[in-house]
Amino acid sequence: MLQCVLPRFVLVLRDFSLKMMIGYKRITPDEYLETSLENDDELGHDFNEPRKAIRKFFTSDKRKCFALPVPGDGYVLEKLEQLTFKDLSKRFQEATSEFLEFIFSEEPKQLLINKPFTGSMLAVLTEQYVEQLRNNAVPDVVYAFETVATMENANFQKKALEQLHKNLVDQTMPVPYRQLNDHFQRVQWTALEYIRNNVVKDTKYSVEQDFQSDMEVSWVQRKSANEQNIIELCENSLEELLSTSKLINGIQAKSYAVFRGHKQFKLDLERVEKQYHSTLKDKGYEDREIAGTWSTFIQTLAVVEMEIIQLDTSLSVAKKSVKEENLLEMQRMKHDMEKQNKHLLEEQRETYDAQQKKIENERDNKDRENQKKITELIQRITDLETDKNERQFFQKKVIQMEEEDKNRRKEERQWQIDEQRRRDEIDQKREEHWRQSKKDEKERHETTTKQLLDLMEMIQKKNEEKEGEREKLQTMIHDMEKQNKQVFEKQRKTYKAQQENIEKQRDKQDRENQENMTKRIQKIADLETEKNEHQFLQKRIIQMEEEEKSRRKEERQWRIDE
């Protein structure tokens with residue numbers, strides 16, 4: 001397997017002037033190299049160990065020697081830097097041309113996972129070898145190659161991260177969350193594909209895991225920046241609405257400080273809300289992305305609305321009883337809504353768990369079947385050295401496994417589509433449920449407001465007859481306003497808590513889906529790596545057969561010569 005990584009060992013002897021002879025027999029430069037690599041017991045360990053390492057890691061067919069003569073006489077050597085190649089001696093030109101032709105005819109080296117062995121990687125290997133030879137040590141091939149793999153993987157990871165950031169910046173913010181997520185998924189898959197196609201010796205997928213962690217950090221930063229830009233967009237859109245300007249001008253001019261002014265205030269506020277949601281939804285933004293800005297805007301108007309209510313209402317004991325009944329009714333409806341939401345979430349969780357369990361069982365069964373098939377195929381690879389027919393059967397089996405792998409990936413993609421569709425349906429149901437609850441709340445508020453207005457008319461008539469009871473009624477109004485403020489504050493906190501709970505559940509579900517997706521991607525990568533190893537074993541078996549044929553041919557030739 002080391003022969004797939006190591007280049008040839010080429011020894012170039014400069015200014016060689018010795019005669020290539022052993023005794024009275026002329027030898028070639030390659031024979032001279034083989035003689036030089038022989039052990040000499042008298043010279044000891046330091047002399048023999050490097051030669052032993054060269055013979056061990058570079059087989060005889062991987063060793064080559066070139067003896068370059070002196071370029072010329074003394075005149076040529078003095079003017080060597082000013083002369084051209086053609087001005088040098090013919091013997092030097094012939095030897096050099098032979099050397100260059102040999103080097104440039106060599107095929108590129110391949111890594112164990114069929115990746116090209118680049119010049120930068122060879123440079124690092126050479127530096128490792130030379131440094132160890134300088135220290136009179138035996139070159140450690142495994143350590144040197146791990147150093148190469150670490151440096152190359154760091155460069156690939158850096159380039160992939162730079163390309164990821166560049167592709168993310170190409171998308172102008174703000175954008176709706178769905179578009180941002182889709183764009184990030186496409187960029188993420190492109191970067192992961194680049195890493196998987198270029199990474200070197202990442203058998204434990206540590207490089208890919210580190211890169212996914214970096215991508216997760218980039219995604220969190222990008223999402224946070226986009227959310228901030230969405231808030232700014234919502235605030236600017238709200239300020240630019242004509243209905244908003246009309247509402248603010250009416251508050252400043254005290255246009256709502258009249259009888260039934262609160263009703264007009266609510267109508268204008270609903271008009272602002274409708275235009276606000278319509279403007280941003282046309283741009284693709286969802287309710288959960290724009291609800292925060294609207295909620296903040298409502299909170300800024302809470303004090304103003306209370307002042308309008310104080311000027312617009314004069315409540316009696318009857319009004320107090322009606323409001324208490326309405327409060328009880330609202331609490332009852334709120335309890336029913338919470339119960340329905342809890343039941344709906346429980347059903348969704350049970351359905352999702354059942355689907356997940358079914359998918360996990362199917363995937364485990366397929367993994368066990370694939371593992372069993374791979375074990376059988378590895379056993380058959382061993383038997384192929386003696387049986388050519390079984391090798392052909394193995395090739396057909398590998399093709400069949402590739403087809404099964406394609407089908408499994410197709411099923412995975414279909415599952416992802418169905419899962420996304422199911423999530424969209426869940427979000428749509430939640431959205432409809434939220435709209436319906438908001439609509440019901442609005443109807444209850446209108447009913448309460450109407451009853452209050454009717455009571456106001458009746459109280460206004462009674463006030464003309466009972467002027468002496470005004471102070472007592474004002475005290476009661478103050479108490480009721482204080483209670484109303486507490487009720488409104490409690491409702492706002494409850495609604496906010498419900499929204500946060502829904503967001504947490506959605507985020508938790510997204511994280512679980514992402515973890516499941518990562519596990520499936522990991523399994524796909526494992527299968528691809530195993531397939532590459534099978535292809536390498538096939539090539540190695542063919543190579544071993546060719547080497548066996550060559551050895552037998554050389555053995556027959558040796559017997560004939562003998």
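Tabulated data
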| quantity | calculated |
| --- | --- |
| Sequence-distant residues sharing a close amide H with Ala67 (under 5 Å, placed H) | Leu13 |
| Environment charge at Lys357 (Cβ cut-off 12 Å; Lys +1, Arg +1, Asp -1, Glu -1) | -3 |
| Accessible surface of segment 7-101, 1.4 Å probe, proportion on carbon and sulfur as whole % | 53 percent |
| Heavy atoms of Lys410: accessible area, 1.4 Å probe, square angstrom to 10 | 140 Å² |
| Candidate residues Thr84, Thr244: accessible-area rank, largest first, probe 1.4 Å | Thr84, Thr244 |
| Probe 1.4 Å, all protein chains present, accessible-area order of Met306, Met215, largest first | Met306, Met215 |
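The values are calculated or read from the model by the stated rules, or taken from the named source; none is laboratory data. Being a predicted model, the structure only gives us computed values, none of them experimental. Positions of Cβ are generated from backbone atoms using ideal geometry, with glycine treated the same way; all protein chains shown enter the neighbour counts. Side chains included, ligands, DNA and RNA excluded: accessible areas come from the protein's heavy atoms. Shrake-Rupley method; radii C 1.70, N 1.55, O 1.52, S 1.80 Å.
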